[in-house]
Amino acid sequence: MADVNRGKRPLSPHLTIYRPQMTSITSIFTRITGNALLVAALLIVWWFLAAATSSEYFAVADGLITSWFGDLVMTLSVWALWYHALAGVRHLIWDAGYGLEIETAEKLGLAVIAGSLVLTIITILAV
Amino acid sequence: MAYLTDLKRAVGMGSAREGTKRHWSMTKSSVALLILTPFFVFTFGPMLGQPHDAVMAYFARPFPAIVAALMVVTSFMHFKTGVQMLVEDYVHGLAREITIILLTCLSYGAAATGVFAIAKIAL
């Protein structure tokens, strides 16, 4: 039977009424970091193109990417990269059918946040 | 609308067939990127701010050049599918198609530019 009430049914409460939770926030940040990495990725491709073109052009691209603004973008991007990578590992674990209990999922969320900060500091110190 | 049956409304709206394919392709590229990312960060990173000669010499070596090329291609293909999911969730109507087309073109364009530049430096 066709549903006669289609389009007129009440909607269940959505995102706006929920208190932010570890699981929802870490999930949203996976998407934000992944897509925001486009900026750094395009900067890096431009840097390579400049290096392949000429010494003068390279100086322009390298100068911008190592300026205070470039440093800010690259540092945030390093954090975004490690966060997205660890959050991706969490998704692979979930896809395999493990860690889906709420307590474990919340611990994994904390591990992603802490791990990404540690890896960012290591990267800044080592690179 | 009132005369459509439930079956008619559901047919052609997409089943799990293609969605699983896309999910599996993201799984593969994400594992590839887990391997590539540390190699890329610790080969490319130290080259930022180095003199042009040093950069040219470094990426003329096989390992840094191959890692960089693989990283550019794999990450932009991963981005292409990922950003399409983002657009499908938040953009509707004709704008959705246009945005997906533009971002797909950007992904292939950036990947090709990166590979060209790295090949030119390396060869």
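The values are calculated or read from the model by the stated rules, or taken from the named source; none is laboratory data. Everything numeric in this text was worked out from a predicted model, so none of it was measured. FYI the Cβ positions are ideal-geometry reconstructions off the backbone, even for glycines, and counts take in every protein chain you see.
Could you pull out the residue among A:Gly109, A:Gly70, A:Gly88 that is in contact (Cβ under 8 Å) with a residue 24 or more places away in the chain, under 27 Å from A:Leu43 (Cα atoms) and under 15 Å from the mean Cα position of the chain (by Cα)?
Of the residues listed, the single one that is in contact (Cβ under 8 Å) with a residue 24 or more places away in the chain, under 27 Å from A:Leu43 (Cα atoms) and under 15 Å from the mean Cα position of the chain (by Cα) is A:Gly88.
Does A:Thr23 satisfy the condition of being more than 30 Å from B:Ala119 (Cβ to Cβ), touching a residue at least 40 places away in the same chain (Cβ under 8 Å) and more than 12 Å from chain B (Cβ to nearest Cβ)?
Yes.
For residues that are at the interface with another protein chain (Cβ under 9 Å from one of its Cβ atoms) and more than 16 Å from B:Gly45 (Cβ to Cβ), tally how many sit in region A:37-55.
9
I'm trying to understand the selection: among the residues of region B:19-39, which are under 17 Å from B:Phe79 (Cβ atoms) and either in contact with a strand residue (DSSP E or B) (Cβ under 8 Å, 6 or more places away or on another chain) or among the hydroxyl-bearing types (Ser, Thr, Tyr) (or both)?
Of everything in region B:19-39, those that are under 17 Å from B:Phe79 (Cβ atoms) and either in contact with a strand residue (DSSP E or B) (Cβ under 8 Å, 6 or more places away or on another chain) or among the hydroxyl-bearing types (Ser, Thr, Tyr) (or both) turn out to be B:Ser25, B:Thr27, B:Ser29, B:Ser30, B:Thr37.
Enumerate the pairs (first residue in region A:113-127 and farther than 17 Å from B:Pro46 by Cβ; second residue anywhere and of a type in the set (Ser, Thr, Tyr)) with beta-carbon separation below 6 Å, excluding pairs fewer than 6 apart on the same chain, so at least 6 apart or on different chains.
Within 6 Å, the pairs are A:Ser116/A:Tyr83.
Show the residue pairs that are 6+ apart or on different chains and have beta-carbon atoms under 8 Å apart, the first residue being within region B:94-107 and within 16 Å of A:Val39 (Cα to Cα), the second being charged (D, E, K, R) and in a helix (DSSP H, G or I).
From residues that are within 16 Å of A:Val39 (Cα to Cα), the pairs are B:Leu103/B:Lys80; B:Thr104/B:Lys80; B:Ser107/B:Lys80.
For region B:1-113, which helices (runs of 4 or more DSSP H) that fit wholly inside it have 1 or more residues that are basic (Lys, Arg)?
Output list reads B:6-10, B:16-44, B:62-90.
Rundown of residues vs (1) surrounded by 19 or more Cβ atoms within 10 Å (Cβ to Cβ); (2) touching a Ser or Thr at 6+ places or on another chain (Cβ under 9 Å), yes/no style:
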site	(1), (2)
A:Tyr83	yes, yes
A:Leu86	yes, yes
A:Val89	no, yes
A:Glu101	no, no
A:Glu106	no, yes
A:Leu117	no, no
A:Ile124	no, yes
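Restricting to region B:109-120, and then to whatever is at the interface with chain A (Cβ under 7 Å from one of its Cβ atoms) and surrounded by fewer than 21 Cβ atoms within 10 Å (Cβ to Cβ), can you tell me which residue is farthest from B:His52 (Cα to Cα)?
Of everything passing the filter in region B:109-120, B:Thr113 is farthest from B:His52 (Cα to Cα).
Residue-by-condition table, conditions (1) within 30 Å of A:Ser54 (Cβ to Cβ); (2) modelled with pLDDT under 95; (3) under 12 Å from the mean Cα position of the chain (by Cα); (4) surrounded by 18 or more Cβ atoms within 10 Å (Cβ to Cβ):
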residue: B:Leu34; (1), (2), (3), (4): no, no, no, no
residue: B:Val41; (1), (2), (3), (4): yes, no, no, yes
residue: B:Gln50; (1), (2), (3), (4): yes, yes, no, no
residue: B:Ala65; (1), (2), (3), (4): yes, no, no, yes
residue: B:Ala69; (1), (2), (3), (4): yes, no, no, yes
residue: B:Val72; (1), (2), (3), (4): yes, no, yes, yes
residue: B:Ser75; (1), (2), (3), (4): yes, no, yes, yes
residue: B:His78; (1), (2), (3), (4): no, no, yes, yes
residue: B:Asp89; (1), (2), (3), (4): no, yes, no, no
